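These notes are about the structure you will find just below.
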Amino acid sequence: MRALPYADPGIPDTRSRFRFLTWLARAQWRTLLVGGFFGVVWMVSQALIPWGIGHGIDGIIADDSGSTARWAVLVGGLGVLQALAGVARHRASVANWLYAAFRVIQLVSRHTARTGPAVPKSMSTGEVVATVSSDSMHIGHMMEVVPRFVGAIVSYLVVAVIVLNTSVPIGLMVLIGVPLLVVAMGPLIRPLQERQRRQREALGDLTALGADTVAGLRVLRGIGGEKVFIRRYAERSETVRAAGVRLAGTQAILDAVLVLLPGIFLVLLTWVGARLVLSGDIEPGALVALYGYAFFLLMPVRTAGEMAFAATRAVVAARRVLAVLAVEREVPDDATDAPAAPAGVLVDDATGLRVEPGSLTMLVSDEPGFTAALADRLGRLVPGNGVRLGDVPLDQLSVDEVRRRIVVSDPEPTLFTGSLRGGLDPYGRHDDAQLTSAMETASAGDVLETLREGLDATVEERGRSLSGGQRQRVALARVLVREPEVLVLVEPTSAVDAHTEAAIAGRLRDARAGRTTVVVTASPLMLAKADTVVWFDDGRLVATGSHDELMSTTPAYRRTVTREEDPE
């Protein structure tokens, strides 16, 4: 199967579910067209088989063996055509299902990655996971049914023309009766859609609770809360089960109607046809053909019902998908095509902070949250920037340009499943020597020694096979490999021992020589290696100097760094 193109800019207005589904259909119109063509051939060939059988029976009654043989050959050919078209239709239908489902997964995944923390702040992880795993499949199912639905409509029209030529009363019964069967299912569609929505919401809540429980399993075991969360999960699971039972009840009624109404129609059609044979208005072969048509029409009617059910689920799923796609990124990419800023001073106008190019600058505050927020501002991770690189404000540069030149590392970084090499260098731009050098700079050589396969070893989900200190050092190596123009580190050594921290401080200074590095930390081992230390007190820049200078001249700085109690 060919790769799916990513067409995020082409997403229509996220307020319209129908426009979104139409956009998806346009994105795969070729496979829908192929599926529709073979769907028509498949169903029309089935529809013509009773016609051929009826004429063959008339040939037998007339004792015309030649005519009977010709009609037998035609029926056999229609059977072969039906089989071949059925295989091609099924293949195209599966392709339509997968294309639509994985295109939705692609859109949601890339939009979630592009918007950064905006989506997790707006909805739970379980809700996003359910959108990817469940809603995408419902939309794919609708795309799979569309070609069969097209075939059902065309075959219905073909049968209507044939039966009208055979008998006007029976033809009118077909033309009027089948649409009435579809309309009769209408009252079931709205409650079905509402119960699907409720079941989907309950499933999203259950998935979110499960994800939270798994993420906090170690904490739960530590406080003995497993039974509490098991009971809570069981209660949510029961809610999902009850919603599923109510949905299944409505679906069962719909399925029963799909059998009962066509059955009544079939009996009525056969009775009218038999009366016409007895009166001499139609031939016996025509009656057999009419019975075959009536039996065949069960398939188009059921396909119409399945289409209604699939479309209902797809509309509900589209609402969920659009809820994710409607989340806007917190940092808008509204650059005004400013010229690329040369390597220069990094300035924060709000605090007056100036970071000289090529320096190792460390930020200390009596409130750690303040300097962490300042680090986000320096990397344009939050809206309302007010930071300049050289003479150019960061909000006049594109987000891609800022991310390329300024990298901010979180205090609790995430490691992804895959090889260690892929985690350190996703784009494969560095050789083993460079990756190993970055690991050594981060004092993560013991990680390479622990993993038997070295850089090719598999890192488990969230790096759970590594200790907290090892995860932190691998994450530090990951940003060092990038070699950005400006590197901002937030508490990069909070999970390591003093000996390792001292080693990292010295190696970091040497590795980043000549490039701008900003570190948010209160560790004296790190601060001792800084070119410049900036002290913030109560959100204000109070003092700037070396670590030793501030230790001797600024009591508040000394108390924060040494963890001394305030004498007052």
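The values are calculated or read from the model by the stated rules, or taken from the named source; none is laboratory data. Note that the coordinates shown come from a computational prediction; the quantities given were computed from them, not determined experimentally. Neighbour counts are summed over all protein chains in view; Cβ atoms, including those assigned to glycine, are modelled from backbone coordinates with ideal geometry. These area figures cover heavy atoms from the full protein model, side chains too; ligands, DNA and RNA do not enter into them. Shrake-Rupley method; radii C 1.70, N 1.55, O 1.52, S 1.80 Å.
Report the accessible area of Phe416, computed with a 1.4 Å probe over the heavy atoms of all protein chains in place, in Å² rounded to the nearest 10. Solvent-accessible area, nearest 10 Å²: 150 Å².
Looking at the chain, the DSSP beta bridges with both ends there are about 45 percent antiparallel. Against the empirical curve 2.2 N^0.38 Å, the C-alpha radius of gyration of region 45-129 lands at a ratio of 2.22. For region 255-268, the Karplus equation 6.51 cos²θ - 1.76 cosθ + 1.60, evaluated at θ = phi - 60°, returns couplings of 5, 5, 5, 5, 8, 5, 5, x, x, 4, 4, 4, 5, 5 Hz by residue, with Gly and Pro reported as x.
Computed from Cα positions, the angle between helix 29-61 and the longest principal axis of the chain comes to roughly 20 degrees.
Measuring spread by the Cα atoms of region 353-410 yields a radius of gyration and Dmax of 11.6, 33 Å. From most to least packed by mean Cβ count within 10 Å, the peptides 281-287, 266-272, 60-66 give 281-287, 266-272, 60-66. Ranking Leu448, Leu363 by solvent-accessible area of protein heavy atoms (1.4 Å probe, all protein chains present), from largest to smallest, gives Leu448, Leu363. With a Förster radius of 45 Å applied to the beta-carbon distance between Ser279 and Ser134, the computed FRET efficiency rounds to 0.20. The computed mean projected area of the Cα convex hull in nm² for the structure shown corresponds, within (i) 24.9; (ii) 32.0; (iii) 35.7, to (iii). Among 521-530, 165-174, 146-155, the peptide with the highest mean count of other Cβ atoms within 10 Å heads the list, and the full ranking is 146-155, 521-530, 165-174. The C-alpha atoms of the chain define a longest principal axis, and helix 65-115 lies at about 20 degrees to it. The alpha carbon gyration tensor of region 276-394 gives principal lengths a ≥ b ≥ c with a/c of 1.5 or higher and a/b greater than b/c, which makes the shape prolate. The 3J(HN,Hα) values that the Karplus relation (6.51, -1.76, 1.60; θ = phi - 60°) gives for region 395-400 are, in residue order, 6, 9, 9, 5, 4, 4 Hz. Gly and Pro appear as x. Spin-label pair Ser467-Arg26: with each label point 7 Å from Cα along the Cα-Cβ axis, the two points sit 5.7 nm from one another. Grab the other residues whose beta carbon is less than 15 angstrom from that of Ser45, score K and R as +1, D and E as -1, and report the net. Residues near Ser45 contribute +2 overall. Expressed as an acute angle from 0 to 90° and rounded to the nearest 10, what is the orientation of the C-alpha long axis of helix 17-27 relative to the principal long axis of the chain? Roughly 80 degrees, rounded to the nearest 10.
Within the shell defined by Cβ-Cβ distances under 10 Å, the residues around Val490 carry a net charge of -4, with Lys and Arg each +1 and Asp and Glu each -1. Annotation for Glu483 and Thr553: the two label points, set 7 Å from Cα along the Cα-Cβ direction, are 3.7 nm apart.
Length gained on full extension, Asp349 to Leu180, computed as 0.36 nm times the residue gap minus the Cα-Cα distance: 53.7 nm. For the chain, the Cβ-based charge dipole about the Cα centre amounts to some 2060 debye (Lys, Arg positive; Asp, Glu negative; other atoms uncharged).
Charges were assigned to the Cβ only: +1 to each Lys and Arg, -1 to each Asp and Glu. The resulting dipole of region 395-444 about its Cα centre is roughly 100 debye. Provide the FRET efficiency to the nearest 0.05 for the Ala457-Trp271 pair, computing r from the beta carbons and using R0 = 56 Å. E between Ala457 and Trp271, to the nearest 0.05, is 0.15.
Would you mind getting me the FRET efficiency between Glu449 and Arg563? Use the beta-carbon distance for r and R0 = 41 Å, nearest 0.05. Intermediate results must be reported in sequence, preceding the final value.
Numbers: r = 33 Å, r/R0 = 0.81.
Result of the calculation: an efficiency of 0.80.
Backbone amide hydrogens, once placed in the peptide plane, bring Gly418 within less than 5 Å of Val459, excluding anything fewer than 5 places away on its chain.
The slack between Tyr233 and Ala326, meaning 0.36 nm per residue of separation minus the straight C-alpha distance, is 30.5 nm.
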